[in-house]
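Trainee: Below you'll find the structure I mean.
The values are calculated or read from the model by the stated rules, or taken from the named source; none is laboratory data. Since this is a predicted model, take the numbers as computed values, not measurements. FYI the Cβ positions are ideal-geometry reconstructions off the backbone, even for glycines, and counts take in every protein chain you see. Accessible surface areas use protein heavy atoms only, side chains included; no ligands, DNA or RNA. Shrake-Rupley method; radii C 1.70, N 1.55, O 1.52, S 1.80 Å.
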Amino acid sequence: MKYPTLDEADLEARKVFLRADLNVPLENGKVTDDTRIRGMIPTLKLLLERGASVVVASHLGRPGGKVNPEYSLAPVADVLEEIMGISIAFAPDCIGAHVDSMRASMKPGDVLLLENLRFNPGEEKCDDDFARSLAGDAQVYVNDAFGTSHRSHASMVGVPRILGGGYIGLLVQKELEAFERVLTVGDEPFTLVLGGAKVSDKIQVIEHLLPRLNNILVGGGMAFTFMKCKGLEIGESLLDVERLEAAGRIMSEAERRGVRIVLPVDVVTAPSLDAADRAETVPADAMPRDGMGLDIGPETVREFGRVIAESAVVVWNGPLGVFEIPPFDKGTTAVALAVAEASDKGAFTVVGGGDLVRAVHEAGVSDRIGYVSTGGGASLRLLQGMELPALAALKGART
Ligand code: AMP
């Protein structure tokens with residue numbers, strides 16, 4: 001592993017600053033999905049077993065640098081207490097004299113959860129003084145917040161710089177191992193499945209992976225920019241005019257390298273997002289001028305399925321339709337099944353991004369996917385061949 005792991009850390013009687021991703025959904029002050037909390041439990045347990053006391057910090061939502069009780073981490077402390085079966089102290093702020101005294105009285109085995117980091121404008125601005133206060137009396141920094149590791153925020157890069165580097169937690173380690181496997185694919189048949197709305201991020205992924213890829217399956221809103229580029233009528237579907245040229249360039253480069261790009265051969269259209277009752281499937285070359293393409297059609301699902309079944313490695317980012325609104329979830333669900341079947345037969349499959357995590361969960365196949373990545377933005381950066389700033393900071397020298 002390119003980054004220091006906890007195997008190398010001296011933790012006995014040390015105070016650890018653990019940056020976790022506890023950005024969970026809340027409803028009426030209750031946590032509605034505890035997946036992210038459970039995600040960091042193995043790291044927290046390991047730190048405590050090895051004799052540390054642990055200050056846990058996270059953001060929740062986008063309070064914009066202001067205190068907003070709606071985004072308090074207090075309900076997370078309750079869930080954490082339940083899962084861990086130990087008492088978890090909760091600090092009413094993330095920095096300040098009161099928090100410092102709570103930290104100062106901690107003993108090995110104690111856990112203190114700080115209030116939402118983003119209640120302070122210093123977090124997103126990566127303010128140095130704020131980072132120093134956060135680091136406080138901590139001796140060891142651990143990053144287990146993979147989904148935020150592409151952000152240069154105070155708790156992600158400022159604190160490890162101040163503490164002279166740090167370690168990746170077990171969740172980040174698992175994420176990195178999965179992506180390392182993908183980024184070093186050799187001759188095995190390798191298929192990239194892309195969907196979602198934004199074209200720009202994914203074009204960079206294609207560019208980086210192209211030399212290793214055999215197939216690229218393009219669905220979701222982004223497919224229409226590629227289809228338009230091929231001269232097809234796309235009606236009122238999503239179009240990124242500024243990326244038309246890049247889409248064309250990618251398609252010729254793929255052809256030159258013998259990489260197959262599969263675009264939808266049929267599309268589910270509707271006059272608008274709220275006219276699901278008027279959804280119809282049309283061939284990709286017969287889209288109505290006043291229709292919006294909102295999902296891939298069944299023939300495309302079969303075609304994608306055939307390619308996926310022949311792949312040894314499959315990486316998927318972005319839903320293939322507006323999966324939040326039935327019936328436009330059908331394509332994404334069907335392809336999730338195809339990916340799960342490929343995994344069952346031995347393919348290494350990685351699915352990334354918040355939307356897809358939900359989609360594969362709803363399709364009931366999360367357990368059958370090789371790796372379900374929690375970080376959309378962070379995983380895209382890795383697939384673009386970039387180093388995540390928060391991970392780079394773990395190697396940083398003491399300032
Ligand atoms: P991204 O963050 O780029 O992966 O985009 C995810 C979003 O893309 C989801 O909210 C989907 O609803 C949306 N999406 C997927 N397919 C389409 C489509 N055909 N038209 C419009 N939006 C889409």
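Trainee: Extent of the stretch 90-150 along each principal axis, from alpha carbon coordinates, in Å, largest to smallest?
Mentor: Per principal axis, max minus min of the Cα coordinates gives 32, 23, 19 Å.
Trainee: Okay, moving on. What list of whole percents do you get for P(r) of the stretch 274-325, with Cα-Cα distances grouped in 10 Å bins up to the one holding the largest distance?
Mentor: Calculated over all Cα pairs of the stretch 274-325, the distribution is 18, 47, 27, 8 percent.
Trainee: To continue, here is another question. Quick one: accessible area per residue over the stretch 6-173, 1.4 Å probe, rounded to a whole number of Å²?
Mentor: Values: 6890 Å² over 168 residues.
Per-residue accessible area for the stretch 6-173 comes out at 41 Å².
Trainee: Kindly provide log₁₀ I(q)/I(0) values, in the same order as q = 0.08, 0.14 Å⁻¹, from the Debye equation applied to equal alpha-carbon scatterers of the stretch 185-383.
Mentor: -0.23, -0.73
Trainee: Additional query: If you take the square roots of the eigenvalues of the alpha-carbon gyration tensor of the stretch 289-392 and sort them as a ≥ b ≥ c, do you get rounded (a/c under 1.5), prolate (a/b over b/c) or oblate?
Mentor: Working: a/c = 1.84, a/b = 1.29, b/c = 1.43.
Since a/c reaches 1.5 but b/c is at least a/b, the shape of the stretch 289-392 is classed as oblate.
Trainee: Per DSSP helix of 4 or more residues, -39500 (n - 2.57); summed, then divided by the residues of the chain. What does that give at 222 nm, rounded to the nearest 500?
Mentor: My calculation for the chain gives -10500 deg cm²/dmol from helical runs alone.
Trainee: Which cross-chain or sequence-distant (5 or more) residues have an amide H under 5 Å from the amide H of VAL193, H modelled 1.01 Å from N in plane?
Mentor: Under 5 Å from the amide H of VAL193 lie the amide H atoms of LEU217, VAL315, TRP316, ASN317, each far enough along the sequence or on another chain.
Trainee: Search the structure for amide H atoms under 5 Å from the amide H of GLY291, placed 1.01 Å from N in the peptide plane, and list their residues when 5 or more places away or on another chain.
Mentor: Correct list: GLU236.
Trainee: Relative contact order for the stretch 6-173: what is it in percent, counting Cα pairs under 8 Å that are at least 6 residues apart? The partial results should precede the final answer.
Mentor: Numbers: 334 pairs, mean separation 48.9, N = 168.
Computed over the stretch 6-173, the figure is 29 percent.
Trainee: Something else now. Can you give the convex hull volume of the alpha carbon atoms of the chain per residue, in Å³? Before the final figure, lay out the partial values.
Mentor: Numbers: hull volume 58.3 nm³, N = 399.
Expressed per residue, the convex hull around the Cα atoms of the chain is 146 Å³.
Trainee: Follow-up. Tell me, what ³J(HN,Hα) does each residue in the stretch 123-134 have, in order and in whole Hz, if you take phi through Karplus 6.51 cos²θ - 1.76 cosθ + 1.60 with θ = phi - 60° and put x for Gly and Pro?
Mentor: Here the 3J(HN,Hα) series is 4, 6, 7, 6, 5, 5, 5, 4, 4, 4, 5, 5 Hz.
Trainee: Multiply the residue separation of GLU253 and GLU177 by 0.36 nm, subtract the distance between their alpha-carbon atoms, and state the gained length in nm to one decimal.
Mentor: Stretched out fully, the GLU253 to GLU177 stretch lengthens by 24.4 nm.
Trainee: Under a straight-distance cross-link criterion of Cα-Cα below 30 Å, which lysines are reachable from LYS230, leaving out those fewer than 8 residues away in the same chain?
Mentor: Straight-distance partners of LYS230: LYS198, LYS202, LYS330.
Trainee: Additional query: How much of the DSSP bridge set in the chain is antiparallel, in percent, rounded to the nearest 5?
Mentor: Of the beta bridges lying entirely in the chain, close to 20 percent run antiparallel.
Trainee: Right, next: How large is Rg/Rh for the stretch 6-173, to two decimals, with Cα atoms and a Kirkwood Rh?
Mentor: Value, to two decimals: 0.92.
Trainee: Next question. ³J(HN,Hα) across the stretch 163-171 via Karplus (A = 6.51, B = -1.76, C = 1.60, θ = phi - 60°), whole Hz, x for Gly/Pro?
Mentor: Whole-Hz 3J(HN,Hα) from phi for the stretch 163-171: 8, x, x, x, 10, 8, x, 5, 5.
Trainee: Find the relative contact order for the stretch 185-383 and round it to a whole percent, using C-alpha pairs within less than 8 Å whose residues are 6+ positions apart.
Mentor: 22
Trainee: For LYS174, which aspartates and glutamates qualify as cross-link partners when the Cα separation must be under 17 Å and same-chain residues fewer than eight apart are set aside?
Mentor: Within reach: ASP7, GLU8, ASP21, ASP144, ASP367, GLU387.
Trainee: Using a basic spin-label model with each label point 7 Å from the Cα along Cα→Cβ, how many nm lie between ARG50 and ALA13?
Mentor: 1.7
Trainee: Using Cα-Cα distances under 8 Å and only pairs 6 or more residues apart, what relative contact order does the stretch 65-134 have, in percent?
Mentor: 40
Trainee: Shape verdict for the stretch 1-61, please, from the Cα gyration tensor: rounded (a/c under 1.5), prolate (a/b greater than b/c) or oblate.
Mentor: Judged from the Cα gyration tensor, the stretch 1-61 comes out prolate (a/c at least 1.5, a/b above b/c).
Trainee: OK, next. Using a 7 Å offset from the Cα along the Cα-to-Cβ direction at both THR35 and VAL241, what is the distance between the two label points in nm, to one decimal?
Mentor: Distance between label points: 3.7 nm.
Trainee: Let me ask another. When the expected Rg is taken as 2.2 N^0.38 Å, what fraction or multiple of it is the alpha-carbon Rg of the stretch 180-282?
Mentor: Taking N as the residue count of the stretch 180-282, the ratio is 1.15.
Trainee: Can you tell me the length gained on complete extension of the stretch ALA275 to THR5, counting 0.36 nm per residue apart and subtracting the Cα distance?
Mentor: Values: separation 270, 0.36 × 270 = 97.20 nm, distance 5.10 nm.
Residue separation times 0.36 nm, minus the Cα-Cα distance, leaves 92.1 nm.
Trainee: So for the stretch 185-383: antiparallel DSSP bridges make up what percent, rounded to the nearest 5?
Mentor: Percent antiparallel among DSSP bridges in the stretch 185-383 is about 30.
Trainee: Give the long-range amide H neighbours of LEU113: residues separated by 5 or more places, or on another chain, with amide H under 5 Å away, using H modelled in the peptide plane at 1.01 Å from N.
Mentor: VAL56, ALA89, PHE90, ALA91
Trainee: Modelled label-to-label distance, GLU188 and GLU81, 7 Å Cα→beta-carbon offset: nm?
Mentor: Here the modelled spin labels are 4.5 nm apart.
Trainee: Right, something else. If the chain between GLU341 and HIS208 were fully stretched, how many nm would it gain, using 0.36 nm times the residue separation less the Cα-Cα distance? Don't skip to the end; give the middle numbers.
Mentor: Working: separation 133, 0.36 × 133 = 47.88 nm, distance 2.70 nm.
Gain on stretching GLU341 to HIS208: 45.2 nm.
Trainee: What are the ³J(HN,Hα) values, in whole Hz, obtained from phi via the Karplus relation 6.51 cos²θ - 1.76 cosθ + 1.60 with θ = phi - 60°, for each residue of the stretch 236-244 in sequence order, with x given for Gly and Pro?
Mentor: Result, rounded to whole Hz: 9, 5, 4, 9, 10, 4, 5, 9, 4.
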